[in-house]
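Only one structure is covered here, and it is reproduced in the block below.
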Amino acid sequence: MNSFEIRQKFLDFFKKNNHTIIPSSSLIPKNDPSLLFTNAGMNQFKNVFLGKEKRSYKNAASIQKCVRAGGKHNDLDEVGFTNKHLTFFEMMGNFSFGGYFKEQTIKYAWQFLIKTLKLQSKNLVISVYKKDNQSYKIWNEKIKIPPEKIYKLGEKDNFWQMGETGPCGPCSEIHLDYGKNIGCKKSNCNPSCDCGRFIEIWNLVFIEFDRQENGEFLQLKPKGIDTGMGFERLCMIMQKKNTIFQIDTFEILIKKIEELTKVSYKKSNDQIKSAFHVLADHARSTSMLIADGIIPSNEGRGYVLRKIIRRASLFLQKLSDNHKIFEAIANEFILYFGQIYSELKKNKKFILQTIENEVEKFATNLTIGKNVLEKYIKKTLEQNKKTLSGKQIFKLYDTYGFPPEITRVIAKENNLNLDMQGFEKEMNKQKEQSGKKIKSKEFKLEIPEKISTKFVGYEKLEIETKINFINYQNSYIWLITKETPFYVESGGQVSDQGWLIINNHTYPILDFYKVDTTINPAIAVKISIKELNEKIKIGTKIKCVVDYYKRINTQKNHTATHLLQTALIQILGTHVKQAGSYVNDTLLRFDFTNPNSLTKDQIKKIENIVNQKIQEDIELKIFNTTLKKAHQAGVKAFFGEKYNPEKVRVVQISDFSAELCGGTHVKRTGEIGCFKIENELALSSGIRRINAKTGPEAIKLFQQNFKITKNLSEHFKVEISNIINMVQKQTQNLQDALNEIKNLKKKLYSVQIPIWQKEVNLIGKIPFLFLELTDLKSNDAKNIFEKIEKTSPGFYFIISKNTEKPNVINYFAYVSTKWQPQVDLKEFNKFLKEKFEFKGGGNKQMMQGGGILPDKDIKKQIQNWIKIL
C-alpha cells in the first residue's frame, strides 16, 4: 500500500465517522508564541482544549505537517544517525472536544488499524497508564485484548500534560511487537524499553484533568481527545520496511541522490547512508519551511532553516563536490509532494532560488571552515584532549558561519565532544559587546478583568462616552472609557493621535495601552495631570476625538499596502509573502519575500497596477467570517498573526485583493489619490523592503522631483527629457578628467621616485623613508614602495591627506623582505593605535589605515619607535 493510499484511507475513515477534516496548519504556529514550529497535530487546537476558543464542530481529523528541529523539541542532531528521527514529518490524528471519549477513541483506532489497514492484531500490544483502569477494561473487555498484551506503565510513558499545570490526562498507546527474539530479549521487556522490539504506532491521549499548582487533579468539562500517529512510521509498517528511509516517500529521493552523485545507496557503508538520509530529510524540511514563508536568517526560525541547509551542505560533501545537488533534490521533492501540499508548487521557483542563494553563500566558508576545524581537531588530539573548546566552536560560528550542530557532526566523527558552556559564554560576551543587553522590564498597567472597551473607530472618529477606570502614574493619568474611537497600534498600523475633551477642556493624548482581558480588550489613554483642570471620577462624561487628517492619511497608506501586495504577486510570482509592514500618516513600508532586487521595469509595472486600481475608485467590502471560510475563499493571511478561527475580519477590494486585517481603511480606493514607490532595498537575505508614499505625501514627492528636474533642465539648458543624457555626458567628462589627473600623478610619482630613493636614511640600523602626499590610493602606494625598494630596501611610511576632509588622513606602511625580521608591522600597528588612535591592518609586508590628523609630530614619533628596535 503506497503512502497516497494510506493517507486517503485515514481521511476517508474519519470523514465517514462524522469528523470534520481539517487541513494542516502552517509550520509557523499562529496562536502559540511558546513554539518555534508546529510539532504536533494538536497545536492548532490548543486554545480549544484550553477553553479559550470554540469551534463549529466537536470532532475533527487532520494530517499535520510538523518540524522538530529547534527549541525544546529538536531532533536535528539525530537525523541521519538513527532510523526514526526526521526534521520534517507528518502527524495523523483525530480529535474530539466533548464529542466522544475513551471507548469510542479506542474503537476508532482499532477499527482503522485492523479492519481498514488489515494489520494483524496478534502483532499488536497496548500500553495504558497504570492508574487508568477504565482504559484497561475497554481494551480487555470491549476490544478483547488479552491481559498479557496490555502493559500498565507509569507517568513518564503514559501520561500527557500540556505544562506544569493545566489540561492533562492518561494516554494509551498501540505498539507493533516484533517478537521476543528482537531487541534486548529480556523477559520483562515492555513498550517502555528502547531496545527496538516495540515500535509505537498510535498514541491516544485522554484529556480529562486540570492539574492545579498544588498537584491536585480536577475533572475537566468537557473532556477532550488528542491522538497522534506518525505518518512515515505507519508507512514503514504497512510497506514492511526496516527504516523510514526505505518507504516510498523517501525512496524517490534516495534514487534521485544516486542519479545525481553516481553513488550506490545499497553498496554504501553506514556513514555514506547517513549522508543520503540527511539530504533526503533536509530537502523535505527546507522546502516545506520556505513554502510556509520562512527565510534563512540569523535569528529564530530563519536560523534553524539556515542550520538545516548548512548541515545538508556538509553531508553532501561526503557524496559529491557539486553543491548544486541539494537544490535538485529539493526540486524532486516538490514535484512529488506538491500533489499533497499546493504551496510547494506555488512557491517552487522561490524555494529553489532561496536554497541556491543560501548554499552558494555558504560554499566558500564551508571549505575554509572545515580546514580550520581540522586544524583544531588535530591540535586537540595531539594534546590528548577529548573536547573542542568554547572559543574554537565560537570562532567557527562567528567567522565561518558554522552552527555548533555542524561542528558537532565532524567532531563526533573524530570522537570529540564540544564545550557548549564555553560556547555560550563566548556568545554572551559578543552580545554584551554589541550592546544587546537584556531589555528592562516593560511598563505594565494592572487592569481588572471586568474592565473592557468597545472599539467603535471603524465607524466613528468622535464619540461621547464615560470613564470606567482611572489610574494615576506619577505626573500622568491613565483613563479607560466604555467605548473608544482610537485605533491602537497593531498589524503594522500605528496608533491614532487625538484628544480627550472633559468639561470643554481639551487634553492631548500622550500614549495608549492595550490589554486583553477575559471579556474584551481594554484600551487606556494617557494624559498629563499637570494640564488637568477638573476633578474626574468613574462615570465622568468624556469626549474622544481622533485626529482626522492623520487617521485618513494612515488609512490611505494601509489600503495601499493591500493593493501593493497583490501587485507584487502578479509581477513577481506567488512566492511573495508579507514579511512585515508599517503604515502611518506620511509613509508606508512593506517587507516581502523575494530573492532579488526589483528592476526599474518591475517597479514601473507595480506602480501602474496600484494606481490603476486607485483610479478605478473601487468600493471596499469589509466583513466578518470564519477562518476556515476565509481560507477556502483564498483570503491572504499574515503568518505569525493570531486569528480567532470563528471570527476574522476580511478586507476585500473587488476581485483584486482580499486579506485578513483588523486595521482601518478608506471606503473607496479613489480616496488614496495616487501611489509612488520611493525606494526598494534589501532588508536581509531573501527579504526586500519597499518604501512608498500616497495621497498628499506622494504629491509632495512628485512636486519635489519636478522642481529638481526643472532646475537641472534650466541649468544645463536642455529639455527635461534630455537631462539624463546630459548628466551621463557630464559624468563621463568628470571621469575622463579624473583619469587624466591619475595619469599625471603617476608621471609625477615616476619623476619623484629617484629623489625619494635618495631620501631613504638610516634611523638606528633601519633604512627609513617618510613621505606626505595627497589623496593617495592603495595601488599607487604599493607601486611607489616597490619602485623605491629596487635600489633602497627598507621601511617606508606615507601619510596621505584628504582634500575633502582636511582633518582626516590615511597612511600606508611597507617593509622590504630583508628588514621584516627587524620591523614587525603588527607591533607597529599597535604603536600607531596607542599613540595616534589610528586604525588599520594588513600583512607582514604592507599595511594601511587611517584616523584623525594628530597634533603630535608623526614623523618624529615613528623615528623614536624605530630607534628602540
Problem - Euclidean distance between Cα centres, the stretch 329-347 to the stretch 522-591, Å - result: 38 Å
Exercise for the section: About the Cα centre of the stretch 716-793, how large is the charge dipole given +1 on each Lys and Arg Cβ and -1 on each Asp and Glu Cβ? Please answer in debye to the nearest 20. Expected result: 200 debye
Fill in the blank from the handout: If each K or R counts +1 and each D or E counts -1, the residues other than LYS782 whose Cβ falls under 13 Å of its Cβ total 0
Problem - Qualifying trypsin sites (Lys or Arg not before Pro) in the stretch 95-143, DSSP loop, other Cβ atoms within 10 Å at most 15 - result: LYS118, LYS131
Completion exercise
Reduced to Cα centres, the span from the stretch 76-101 to the stretch 241-289 in Å works out to 20 Å
Completion exercise
So, for the Cα atoms of the chain, Rg and Dmax in Å stand at 34.7, 109
Fill in the blank from the handout: If every Lys and Arg gets +1 and every Asp and Glu gets -1 at its Cβ, then about the Cα centre the stretch 105-159 yields a dipole, in debye to the nearest 20, of 200 debye
Fill in the blank from the handout: Summing -39500 (n - 2.57) over every DSSP H run of at least 4 residues in the chain and dividing by its residue count gives a helix-only mean residue ellipticity at 222 nm, to the nearest 500 deg cm²/dmol, of -12000 deg cm²/dmol
Exercise for the section: Could you work out the relative contact order of the stretch 119-179, using alpha carbon pairs under 8 angstrom and six or more residues apart, expressed as a whole percent? Expected result: 46 percent
Problem - nm² value of the averaged projected area, convex hull over the Cα atoms of the stretch 733-869 - result: 8.2 nm²
Handout entry: Sparse-neighbourhood loop sites, GluC sites (Glu not before Pro) in the stretch 698-800 - DSSP loop, at most 11 other Cβ within 10 angstrom
Key = GLU719
Exercise for the section: State, to one decimal in nm², a quarter of the convex hull surface area for the C-alpha atoms of the stretch 301-410, i.e. the direction-averaged projected area. Expected result: 7.8 nm²
Handout entry: Amide H contacts of LEU220 (H built 1.01 Å from N, under 5 Å, at least 5 apart or other chain)
Key = PHE209, ASP210
Exercise for the section: Note down the net charge around CYS195, summing +1 for each Lys or Arg and -1 for each Asp or Glu among other residues with Cβ under 14 Å from its Cβ. Expected result: +2
Fill in the blank from the handout: Computed on Cα atoms only, the convex hull of the stretch 666-813 has an orientation-averaged projected area in nm² of 16.4 nm²
Exercise for the section: Return a whole-number percent for the relative contact order of the chain, with Cα pairs under 8 Å and 6 or more residues apart as the contact set. Expected result: 7 percent
Exercise for the section: Grab every C-alpha pair in the stretch 606-702, bin the distances at 10 angstrom width from 0 up to the longest one, and report whole percents. Expected result: 14, 36, 35, 15, 1
Fill in the blank from the handout: Karplus-derived 3J(HN,Hα) from phi for the stretch 835-848 (6.51 cos²θ - 1.76 cosθ + 1.60, θ = phi - 60°), whole Hz, x at Gly and Pro, runs 7, 10, 6, 6, 10, x, x, x, 10, 6, 9, 9, 9, 8
Practice task
Place a +1 charge on the Cβ of each Lys and Arg in the chain and a -1 charge on the Cβ of each Asp and Glu, then give the dipole magnitude about the Cα centre in debye, rounded to the nearest 20.
Solution key: 1200 debye
Practice task
Specify whether the C-alpha gyration tensor of the stretch 227-381 places it in the rounded, prolate or oblate class, a ≥ b ≥ c being the square roots of the eigenvalues: rounded for a/c under 1.5, otherwise prolate if a/b is larger than b/c and oblate if not.
Solution key: oblate
Exercise for the section: Place +1 on the Cβ of every Lys and Arg and -1 on the Cβ of every Asp and Glu in the chain, take the dipole about the Cα centre, and give the residue among GLY634, THR38, LEU366 whose Cα lies farthest towards its positive end. Expected result: LEU366
Practice task
Give the carbon-plus-sulfur fraction of the accessible surface of the chain in %, rounded to a whole number; probe 1.4 Å, heavy atoms of protein chains only.
Solution key: 47 percent
Problem - Positive-end residue of VAL823, PHE797, PHE838, charge dipole of the stretch 796-860 with Cβ unit charges - result: VAL823
Problem - Cα-based convex hull volume of the stretch 587-662 per residue, rounded to whole Å³ - result: 131 Å³
Exercise for the section: Might you tell me the accessible area per residue for the stretch 807-853, computed with a 1.4 Å probe and given in Å²? Expected result: 57 Å²
Problem - Net +/- balance of residues flanking VAL205 in space, Cβ distance below 10 Å, scoring K and R +1, D and E -1 - result: -3
Exercise for the section: Could you pull out the trypsin sites (Lys or Arg not before Pro) across the stretch 502-606 that fall in loop regions by DSSP (anything but H, G, I, E, B) with no more than 15 other Cβ atoms inside 10 Å? Expected result: LYS530, LYS535, LYS537
Exercise for the section: Whole Å is fine, so just give me how far the alpha carbon centre of the stretch 730-794 lies from that of the stretch 596-627. Expected result: 58 Å
Problem - Listed residue (PHE486, GLY80, LEU416) projecting farthest to the positive dipole end of the chain, Cβ model - result: LEU416
Handout entry: Diffusion constant of the stretch 584-628 at 20 °C, which comes from Stokes-Einstein with the Kirkwood Cα-pair radius and 1.002 mPa s, µm²/s
Key = 153 µm²/s
Handout entry: Cα-based shape type of the stretch 147-256, given that a ≥ b ≥ c are square roots of the gyration tensor eigenvalues and the cut on a/c is 1.5
Key = oblate
Exercise for the section: Express in % the proportion of alpha carbon pairs of the stretch 1-146 at distances exceeding 18 Å. Expected result: 66 percent
Fill in the blank from the handout: Note: the stretch 65-219 at 37 °C, 0.692 mPa s; Kirkwood Rh on alpha carbon pairs; Stokes-Einstein D in µm²/s works out to 192 µm²/s
Exercise for the section: Pull out a ≥ b ≥ c, the square roots of the eigenvalues of the alpha-carbon gyration tensor of the stretch 366-498, then state rounded if a/c is under 1.5, prolate if not and a/b is larger than b/c, and oblate in the remaining case. Expected result: prolate
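The values are calculated or read from the model by the stated rules, or taken from the named source; none is laboratory data. A quick note: this is a predicted structure, and the numbers were derived from the prediction, not measured. Note: ideal-geometry Cβ built from the backbone for every residue, glycine included; neighbour counts use all protein chains shown. Note: accessible area is taken over every heavy atom of the protein model, side chains too, but ligands, DNA and RNA are not part of it. Shrake-Rupley method; radii C 1.70, N 1.55, O 1.52, S 1.80 Å.
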